[in-house]
Number of protein chains: 2
Amino acid sequence: MKDGCVFIGGEYVAPGDARMSIFDAGFVWGDTVYDVTSTWGGWFFMLDEHLERFERSCAGFRLENPHDRGDMRRILAECVARTGLENCYVKIQLTRGVIESQTRDPRLGAPAFVAYATPYAWIWGEEKCRNGAALYLSGVERVSSKAIDARYKNYNRADFVQARFEAYDSGCDDALLVGADGALTEGPGYNIFVVKDGAVATPDANVLEGITRRAVAELCGEEGIPFAYRRVEPEELGAADELFASTTAGGVMPVVRLGEKPIGNGHAGLLTSRIQSRYWSKRADGWHGTRVDEIRDAA
Amino acid sequence: MKDGCVFIGGEYVAPGDARMSIFDAGFVWGDTVYDVTSTWGGWFFMLDEHLERFERSCAGFRLENPHDRGDMRRILAECVARTGLENCYVKIQLTRGVIESQTRDPRLGAPAFVAYATPYAWIWGEEKCRNGAALYLSGVERVSSKAIDARYKNYNRADFVQARFEAYDSGCDDALLVGADGALTEGPGYNIFVVKDGAVATPDANVLEGITRRAVAELCGEEGIPFAYRRVEPEELGAADELFASTTAGGVMPVVRLGEKPIGNGHAGLLTSRIQSRYWSKRADGWHGTRVDEIRDAA
């Protein structure tokens with residue numbers, strides 16, 4: 001199953017066979033939460049942190065997860081093992097399920113759990129994730145957490161898609177969005193970091209609380225780099241010495257251009273590169289890691 | 001096919017067989033637009049108005065619809081005919097499709113069109129849609145149209161679901177949401193109208209521009225009732241003489257309680273009942289109607 005393995009309806013199937021009802025409220029109402037982790041060299045990264053966040057997302061959406069932590073660990077390890085791949089993109093999701101009642105009462109849903117492992121993905125392609133991408137400061141506003149809480153990772157992402165279209169229109173690779181309060185938020189699937197005078201800052205509100213973002217904070221601590229979660233103004237982007245982004249599907253990723261303006265000298269910044277190489281070398285060593293085989297052997 | 005007929009992948013199938021890939025970006029990114037019309041007594045209601053709005057939704061989401069107006073009319077008529085039902089809930093939707101590229105470029109999607117007819121649905125059940133429901137003014141903020149434009153009918157509806165949970169918690173049937181600007185917006189799938197001193201008003205911004213809402217405006221015109229699209233303050237709800245809502249799946253629906261406060265005498269208001277009965281009697285007579293058979297015969 002080199003192209004992936006999906007756990008759905010209690011069975012392990014190929015991605016091409018992973019199908020759901022078009023009536024699932026998880027689709028029709030955007031009533032789905034999910035999480036994404038990865039394996040690298042056979043190590044899950046921060047697996048419990050991801051599962052914990054997923055559980056918070058389920059609770060935040062009032063979705064009852066039929067699987068406990070141990071179940072999920074075993075299912076994910078099995079999905080990865082069946083791919084035969086060392087480096088995987090690994091997802092879990094929970095949809096509301098099909099609701100038969102005409103009244104569409106979400107309390108009547110029987111939530112459906114799906115998990116899968118596919119080959120490791122790089123959100124901008126590997127080259128750009130490693131060497132740098134161009135981002136566009138979008139005019140599309142980020143959905144407010146007062147409406148749909150960004151801390152609960154979910155599929156209501158139409159703002160991201162339209163922002164991405166804008167970015168492509170402008171010759172950029174991806175987008176950054178500003179919230180209703182005028183503060184910088186995040187991009188489609190990644191957190192953003194500004195580096196100025198040797199210090200790193202990332203938005204503290206209206207964003208997904210990224211697990212890789214947390215890893216970046218830890219790496220900065222180890223390296224003695226000042227790090228802050230705080231309100232970040234969009235204007236700080238153009239004035240930054242360096243910019244970088246973080247996500248499970250790409251790691252620590254340099255941003256080398258904002259719109260038409262090169263950031264720094266237009267190449268990955270020194271501090272960014274330091275954090276990035278530390279991130280990947282530590283991952284290869286099993287940092288915050290859980291062996292796929294270890295979970296399977298214990299099962 | 002008494003429980004419905006779905007057109008998917010170029011075929012007509014039973015609802016239980018209507019399945020989609022879990023990888024469709026229409027699901028994963030909320031990148032889907034849709035529209036809902038109905039048949040009543042064998043008449044489609046305002047069919048072209050719905051198809052036109054659907055086309056605007058597609059364009060707004062930059063989704064290319066493989067079917068033109070004539071195609072859609074024929075497909076919908078066929079779906080309805082195969083159910084053998086006079087009164088149907090009729091939906092069309094367009095998803096982004098499965099995107100193979102790791103970069104997740106929405107421009108690479110091959111949008112997938114789905115249509116179906118199922119038995120006519122009443123969003124609060126028939127009795128409450130006809131005689132009145134209790135609504136709850138939710139603390140969940142409505143997603144801003146600056147983030148995801150509410151005029152493009154779409155599946156990013158997690159704010160609605162959470163508002164609905166709140167409503168149930170409070171012993172109400174459904175919810176109303178306020179926008180970031182403090183103005184009243186809409187409920188999950190319906191527009192709201194306040195009646196005060198014989199005049200009707202409905203929010204003009206941050207809402208779906210309902211087709212039934214347009215029909216209500218027309219009925220008010222015929223009846224000589226002053227009607228306005230304008231900013232409506234949430235405070236106007238409690239102070240109203242009457243409240244009602246409109247949607248395809250329920251028509252003109254009295255609201256008889258807001259939270260714990262009865263509206264008027266706690267029964268459907270006189271003006272509301274006048275518009276409601278006019279709406280249903282005109283529909284039975286084929287008002288703004290297109291015969292299902294007529295479309296099939298012309299095909």
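Bear in mind these aren't lab numbers, they're just calculated from the coordinates by the rules spelled out. All values reported here derive from a predicted model rather than from experimental measurement. Neighbour counts are summed over all protein chains in view; Cβ atoms, including those assigned to glycine, are modelled from backbone coordinates with ideal geometry.
Work out the mean other chain Cβ neighbour count within 10 Å for the residues of B:147-156 and drop it here as an integer. Could the numbers behind the result be given before it?
On the way: counts 16, 13, 4, 0, 0, 2, 0, 3, 10, 12.
That works out to 6 on average.
State, to one decimal in nm², a quarter of the convex hull surface area for the C-alpha atoms of region B:209-299, i.e. the direction-averaged projected area. Before the final figure, lay out each step's value.
Values: hull surface 29.4 nm².
Directional mean of the projected Cα hull area for region B:209-299 stands at 7.4 nm².
Taking Cα atoms of region B:5-119, Rg/Rh with Kirkwood Rh, to two decimals? Provide the component values of the computation, followed by the final result.
On the way: Rg = 14.3 Å, Rh = 14.5 Å.
Radius of gyration relative to Kirkwood radius: 0.99.
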Measuring from label point to label point, each 7 Å out along Cα→Cβ, what is the A:Glu235 to B:Arg291 span in nm? 6.7
What shape does chain B take by its C-alpha gyration tensor, where a ≥ b ≥ c are the square roots of the eigenvalues and a/c under 1.5 counts as rounded, a/b above b/c as prolate, and the rest as oblate? oblate
Give me the log10 of I(q) over I(0) for region B:108-150 at q = 0.22, 0.23, 0.26, 0.30 Å⁻¹, as the Debye formula computes it from C-alpha points; what are the numbers? -0.92, -0.92, -0.91, -0.98
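Give, as a single signed number, the net charge of other residues whose beta carbon lies under 12 Å from the beta carbon of B:His50, with Lys and Arg counted +1 and Asp and Glu -1. Write down the numbers at each step before the final one.
Working: positive: B:Arg53, B:Arg56, B:Arg69, B:Arg73, B:Lys91, B:Lys153, B:Arg214; negative: B:Asp35, B:Asp48, B:Glu49, B:Glu52, B:Glu55, B:Glu209.
Around B:His50, the surrounding residues sum to +1.
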Taking the Cβ of A:Arg151 as the centre, find all other residues whose Cβ is under 11 Å away and add up their charges (Lys, Arg: +1; Asp, Glu: -1). +1
Using a basic spin-label model with each label point 7 Å from the Cα along Cα→Cβ, how many nm lie between B:Glu86 and B:Leu108? 5.2
Residues of A:86-93, mean number of Cβ from any other protein chain within 10 Å of their own Cβ, rounded to a whole number? 1
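Tally Lys/Arg at +1 and Asp/Glu at -1 over every other residue whose Cβ is under 15 Å from the Cβ of A:Val33; what's the total? All intermediate terms of the calculation are to be shown ahead of the outcome.
Working: positive: A:Arg53, A:Arg56, A:Arg62, A:Lys91, A:Arg96, A:Arg151, A:Lys153, A:Arg157, B:Arg157; negative: A:Asp24, A:Asp31, A:Asp35, A:Glu52, A:Glu55, A:Glu64, A:Asp149, A:Glu209, B:Asp159.
Here the count lands on 0.
So what are the protein assembly as shown's ellipsoid semi-axes, whole angstrom, largest first, if each one is the square root of 5 times an eigenvalue of the alpha-carbon gyration tensor? Mind showing how you got there, number by number?
Numbers: eigenvalues 392, 146, 95 Å².
Taking √(5λ) for each eigenvalue gives 44, 27, 22 Å, largest first.
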When each of B:Lys91/B:Lys153; A:Lys91/B:Lys146; A:Lys2/A:Lys282; A:Lys2/A:Lys128; A:Lys196/A:Lys261; A:Lys91/A:Lys153 is checked by Cα-Cα distance, pairs over 18 Å: A:Lys91/B:Lys146; A:Lys2/A:Lys282; A:Lys2/A:Lys128
Can you show me the helix-derived [θ] at 222 nm for chain B, built from DSSP H runs with n ≥ 4 at -39,500 (n - 2.57) apiece and divided by the number of residues, rounded to the nearest 500. -9000 deg cm²/dmol
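Give the relative contact order (percent, whole number) for region B:1-154; include only Cα pairs under 8 Å separated by 6+ residues. All intermediate terms of the calculation are to be shown ahead of the outcome.
Working: 253 pairs, mean separation 49.9, N = 154.
This gives 32 percent for region B:1-154.
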Below 8 Å between Cα atoms, with a sequence gap of 6+, how large is the relative contact order for chain B in percent? 20
Given R₀ = 51 Å, FRET efficiency for A:Arg274-B:Glu127 by Cβ-Cβ distance, to 0.05? 0.15
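Projected area of region B:114-241, taken from the Cα convex hull and averaged over every viewing direction, in nm²? Don't skip to the answer; put the middle values down first.
On the way: hull surface 35.5 nm².
It is 8.9 nm².
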Computed magnitude of the charge dipole of region B:5-119 (debye, nearest 20; Cβ of K, R +1, Cβ of D, E -1): 140
